[in-house]
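Input: a single structure, listed below in structure tokens.
The values are calculated or read from the model by the stated rules, or taken from the named source; none is laboratory data. Note that the structure is predicted; figures quoted are calculated from it, not measured. Cβ coordinates were reconstructed from backbone atoms using ideal geometry, including for glycine residues, and neighbour counts include every protein chain displayed.
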Amino acid sequence: EDQVTQSPEALRLQEGESSSLNCSYTVSGLRGLFWYRQDPGKGPEFLFTLYSAGEEKEKERLKATLTKKESFLHITAPKPEDSATYLCAVQATDSWGKLQFGAGTQVVVTP
Amino acid sequence: NAGVTQTPKFQVLKTGQSMTLQCAQDMNHEYMSWYRQDPGMGLRLIHYSVGAGITDQGEVPNGYNVSRSTTEDFPLRLLSAAPSQTSVYFCASSYGKSGNTIYFGEGSWLTVV
């Protein structure tokens with residue numbers, strides 16, 4: 001059974017204080033690993049898709065990396081507007097597009 | 001371009017009532033799905049569809065029905081609402097069956113009393 005575990009559950013950062021979020025996964029065959037951002041009262045907003053170990057993608061202050069067992073979302077010099085819940089999800093090769101989500105990491109960045 | 005549109009945004013139901021959550025997408029996506037989100041549990045797949053006329057069950061399908069008569073629409077029906085169905089529901093869509101970006105709607109907040 002596919003499983004996704006995110007840690008920590010919550011993270012409080014000072015503005016400018018870099019940190020990393022972890023997403024550990026087990027899946028029969030990985031089609032893709034997705035990162036989403038979710039603001040309160042909103043739907044998940046797509047950030048990145050990673051397809052193979054060693055792949056990295058960046059967007060502004062965010063950088064996602066992937067190994068065979070986990071993914072990291074690095075937040076460099078965060079700003080208050082980076083406050084959100086970050087969701088990780090995996091898609092298996094035989095899943096017909098279905099996503100298995102982790103519970104998310106709630107990030108709060110204070111000025 | 002509206003993307004994925006869900007209605008209603010908020011709904012309160014009494015136990016035993018039925019209702020339909022509407023979902024429409026204007027991106028000509030083949031794949032559509034419904035998830036529910038509960039505190040501490042992440043999003044869980046209810047039902048999905050890989051094209052008009054084709055639907056299948058996800059992880060938590062009990063108490064819900066779906067149909068896909070057109071490419072654009074994928075309604076979720078609650079047959080006899082129960083308090084355990086109090087949740088936030090998200091509709092999603094993507095082009096193709098796997099590996100492509102999955103886009104989510106803004107959510108429908110449902111309370112069953």
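For the condition under 18 Å from B:S33 (Cβ atoms), of a type in the set (F, W, Y) and surrounded by fewer than 19 Cβ atoms within 10 Å (Cβ to Cβ), A:F72 does not qualify.
If only residues of region A:66-83 that are of a type in the set (V, I, T) and touching a Lys or Arg at 6+ places or on another chain (Cβ under 8 Å) are counted, the one that is nearest to the other protein chains (Cβ to nearest Cβ) is A:I75. Evaluating B:E106 against the criteria (1) surrounded by fewer than 19 Cβ atoms within 10 Å (Cβ to Cβ); (2) more than 23 Å from A:F48 (Cα to Cα) leaves one unmet condition, (2).
The set of residues in region A:54-68 being closer than 23 Å to A:E81 by Cβ, in contact (Cβ under 8 Å) with a residue 12 or more places away in the chain and assigned to a strand (DSSP E or B) consists of A:K59, A:L62, A:K63, A:A64, A:T65.
Residues checked against (1) out of contact with any strand residue (DSSP E or B) (no Cβ under 8 Å at 6 or more places or on another chain); (2) within 22 Å of A:L30 (Cα to Cα); (3) at the interface with another protein chain (Cβ under 9 Å from one of its Cβ atoms):
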site	(1), (2), (3)
B:Q57	no, yes, no
B:Y64	no, no, no
B:T71	no, no, no
B:L79	no, no, no
B:S94	no, yes, yes
B:Y103	no, yes, yes
B:V113	no, no, no
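Looking only at residues in region B:72-83 that are out of contact with any Lys or Arg (no Cβ under 8 Å at 6 or more places or on another chain), modelled with pLDDT of 95 or more and part of a loop (DSSP other than H, G, I, E, B), the one that is surrounded by the fewest Cβ atoms within 10 Å (Cβ to Cβ) is B:S80. The set of residues from region B:56-71 being surrounded by fewer than 19 Cβ atoms within 10 Å (Cβ to Cβ) and outside any loop (DSSP other than H, G, I, E, B) comprises B:D56, B:Q57, B:N65. Among the residues of region A:81-98, some residue qualifies, meaning at least one is over 21 Å from B:G42 (Cβ atoms) and either hydrophobic (A, V, I, L, M, F, W, C) or modelled with pLDDT of 95 or more (or both). For region B:33-48, a tally of residues being assigned to a strand (DSSP E or B) and within 9 Å of another protein chain (Cβ to nearest Cβ) returns 8. Restricting attention to region A:45-52, does a residue exist that is surrounded by 14 or more Cβ atoms within 10 Å (Cβ to Cβ) and more than 14 Å from chain B (Cβ to nearest Cβ)? Scanning region A:45-52 turns up no residue that is surrounded by 14 or more Cβ atoms within 10 Å (Cβ to Cβ) and more than 14 Å from chain B (Cβ to nearest Cβ). If we scan region B:10-23, do we find a residue that is of a type in the set (G, A, S), under 27 Å from A:Q3 (Cβ atoms) and touching a residue at least 12 places away in the same chain (Cβ under 8 Å)? No, because not a single residue in region B:10-23 is of a type in the set (G, A, S), under 27 Å from A:Q3 (Cβ atoms) and touching a residue at least 12 places away in the same chain (Cβ under 8 Å).
Could you please let me know if A:G41 is at pLDDT below 95, closer than 18 Å to B:T101 by Cβ, within 11 Å of another protein chain (Cβ to nearest Cβ) and over 10 Å from the mean Cα position of the chain (by Cα)? So A:G41 fails the test. Per the conditions (1) more than 8 Å from every other protein chain (Cβ to nearest Cβ); (2) under 30 Å from B:W34 (Cβ atoms); (3) not β-branched (V, I, T), the sole criterion not satisfied by A:K63 is (2). Of all residues in region A:84-98, which are out of contact with any Phe, Trp or Tyr (no Cβ under 7 Å at 6 or more places or on another chain), crowded, with 17+ Cβ neighbours inside 10 Å and either more than 7 Å from chain B (Cβ to nearest Cβ) or aliphatic (A, V, I, L, M) (or both)? Matches in region A:84-98: A:A84, A:T85, A:A92.
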